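Bear in mind that the values in this text are calculations on the coordinates, not laboratory data. Since the model is a prediction, treat every value here as computed from it, not as a measurement. Here the Cβ positions follow ideal geometry from the backbone for every residue, glycine too, while neighbour counts run over all protein chains shown.
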Amino acid sequence: MRSSGLGRVLVSGRSMEPTLRDGDHLLVRWGMRPRPGRLVVVRLPGRPLSVKRATMRTADGWWVERDNPAEGVDSWLVGPIGADDVLATVLLRLWPLRRQSPGR
């Protein structure tokens, strides 16, 4: 894993729907300090790397949340994520470039 620089992350799962979907490719900056409201790549306890929304800085690190409350794990279940476990900030979605509206 890179400590700084650009990289690509593949979204797996539905915890960030409707913002992100399973199979989306993201451009991230490893080692970039997050800001509240930004999407970040985090290391959750006992889980693979995940994309979550950084909502606020706490004394213990970052509070991160999923956009889809029916799926996944976030700080509501595991508490704040240590600053060292916030690995990257999402810059943009690389693929797909655009989404079709439902029913098309």
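Points worth noting:
- The chain, helix-only ellipticity at 222 nm - DSSP H runs n ≥ 4, -39,500 (n - 2.57), divided by all residues, nearest 500: -500 deg cm²/dmol
- Distant-in-sequence amide H partners of Asp24 (H built 1.01 Å from N, under 5 Å): Val11
- Spin-label model distance (nm) - Arg98 vs Thr58, 7 Å beyond Cα toward Cβ: 4.1
- Based on C-alpha pairs under 8 angstrom that are at least 6 apart in sequence, segment 5-95 has a relative contact order of 34 percent.
- Whole-Hz Karplus values for segment 21-37 come out as 10, 3, x, 5, 9, 10, 8, 10, 10, 5, x, 6, 5, x, 10, x, x Hz, taken residue by residue from phi with 6.51 cos²θ - 1.76 cosθ + 1.60 and θ = phi - 60°; glycine and proline positions read x.
- Per-residue extension of 0.36 nm, minus the Cα-Cα distance of Arg21 and Leu77, leaves a gain of 18.0 nm for this segment.
- Sorting the segments 61-70, 17-26 by their residues' average number of neighbouring beta-carbon atoms within 10 angstrom, most packed first, yields 61-70, 17-26.
- For segment 5-95, the gyration tensor built on C-alpha atoms gives an oblate shape. Its axis ratio a/c (a ≥ b ≥ c) is at least 1.5, and a/b is not larger than b/c.
- For segment 15-104, size of Cβ-based charge dipole, Lys and Arg +1, Asp and Glu -1, in debye: 440
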